[in-house]
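Bear in mind that the values in this text are calculations on the coordinates, not laboratory data. What you are looking at is a predicted structure, and each value in this text was computed from that prediction instead of being measured. Here the Cβ positions follow ideal geometry from the backbone for every residue, glycine too, while neighbour counts run over all protein chains shown.
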Ligand code: AMP
């Protein structure tokens with residue numbers, strides 16, 4: 001069996017790895033570390049959870065033992081799609097680099113430029129950045145990329161989903177062609193393959209199987225509930241309280257506004273709860289995540305974008321407060337529990353109008369999900385709803401709900417809100433999904449936005465091209481908040497088509 005010592009890593013690194021308690025390299029580590037140390041380019045197809053971070057951090061530490069950094073000229077650069085992932089990579093450098101005296105600089109939005117400038121001035125051996133903040137620094141003339149010897153592009157497919165590819169292309173142009181490039185992606189849609197072909201020279205390709213996400217050890221159940229917010233919250237509380245084996249749980253909502261509302265409600269009801277969504281400031285996000293990791297917080301309410309890719313230890317329970325609109329998100333959510341053969345439970349709260357989303361999920365995972373109280377329970381629920389999935393309660397650019405009178409009724413979330421719901425769109429009957437689909441979807445904030453359709457059908461190609469430009473345009477206005485809501489200045493969400501061209 002291969003050991004870390006067989007991979008060519010330095011003594012300092014080996015000793016830190018041993019202290020971290022790791023004895024055997026994972027397949028991506030075994031495949032990537034030796035060629036990385038030989039300065040080969042790497043195409044790693046692996047997702048979070050496979051140990052891929054150490055797969056690039058360990059060889060980088062070994063290579064960085066020679067040479068030193070110059071002011072404002074980082075020696076290596078790691079690009080990450082979100083602040084949390086960037087912070088996670090930073091933690092890895094601290095853990096495995098504890099025997100080194102390297103200057104690791106984190107450039108993420110939501111933190112003051114001055115502090116980051118000071119750190120860059122001291123010379124960065126490793127720069128870990130989200131694309132927007134990095135470009136802001138280069139444009140301010142505070143950062144020179146001409147000394148970068150090694151570039152890591154991590155989570156490339158998420159970069160694509162989040163509209164960051166044009167930024168990455170700009171960044172790569174600043175970096176010398178002679179660099180070494182390590183490129184990681186969980187999936188390889190054609191756009192990502194094209195990028196890899198452009199950025200990499202004769203790469204070593206390493207592909208590891210994704211961990212089985214809907215593990216057999218996870219008990220999955222659908223829970224019928226009424227369509228009103230207060231009914232869902234009440235049902236969720238009952239569910240949580242009835243779980244005798246719950247140690248910790250993530251509760252997923254489709255919209256960040258609901259994350260905030262549900263968090264407040266659960267807190268009011270005395271639960272140990274935290275929240276994670278894109279509108280929170282960096283400090284709160286970091287604190288919440290740490291509290292959850294340290295078991296100080298039992299329940300974490302999160303949106304898909306905020307939670308995806310985070311190295312959160314396995315949880316005993318996942319609750320889907322909303323049925324995910326995209327079936328693939330269901331698989332990601334459920335993958336948070338039942339890890340490493342441990343038992344887990346995943347409950348999905350279903351209202352009458354969610355039928356088509358449940359159908360899409362069962363189709364994707366190729367199995368039926370059993371109902372907690374039997375399938376007929378859904379018939380007994382109220383079909384009325386406060387809102388439509390993915391519509392009706394859209395947030396504006398400030399993340400403020402458009403429902404009138406909603407926010408000031410927060411303290412009474414156990415009772416039906418006595419106020420009229422702002423109806424900027426007529427409410428279709430619950431059994432009219434086709435009508436909903438035929439209407440133009442509301443423009444979504446990034447947190448709520450659908451991931452881009454990969455490998456579009458030819459008929460959809462134009463729509464996708466627009467979407468791509470839209471993402472890019474949004475992204476240009478969103479540098480400081482890499483995973484937050486982008487809103488083009490002056491046009492709200494309605495951007496004239498001519499403004500998109502060439503953006
Ligand atoms: P990653 O895929 O990089 O997010 O890593 C997933 C988790 O695996 C992290 O908690 C790492 O600390 C852990 N890990 C990384 N390498 C190893 C290893 N060789 N053996 C056991 N656990 C590891």
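Between residue 101 and residue 367, the FRET efficiency estimated from the beta carbon spacing at R0 = 60 angstrom works out to 0.70.
If the segment from residue 15 to residue 242 were pulled out straight at 0.36 nm per residue, it would be longer than the present Cα-Cα gap by 77.2 nm. Between residue 221 and residue 287, the simple label model (points 7 Å from Cα in the Cβ direction) yields a spacing of 3.6 nm.
Rounded to 0.05, the FRET efficiency of the residue 113 and residue 178 pair, given R0 = 35 Å and the Cβ-Cβ distance, is 0.75. Taking each residue as 0.36 nm, the span from residue 269 to residue 295 lengthens on full extension beyond its C-alpha to C-alpha distance by 7.4 nm.
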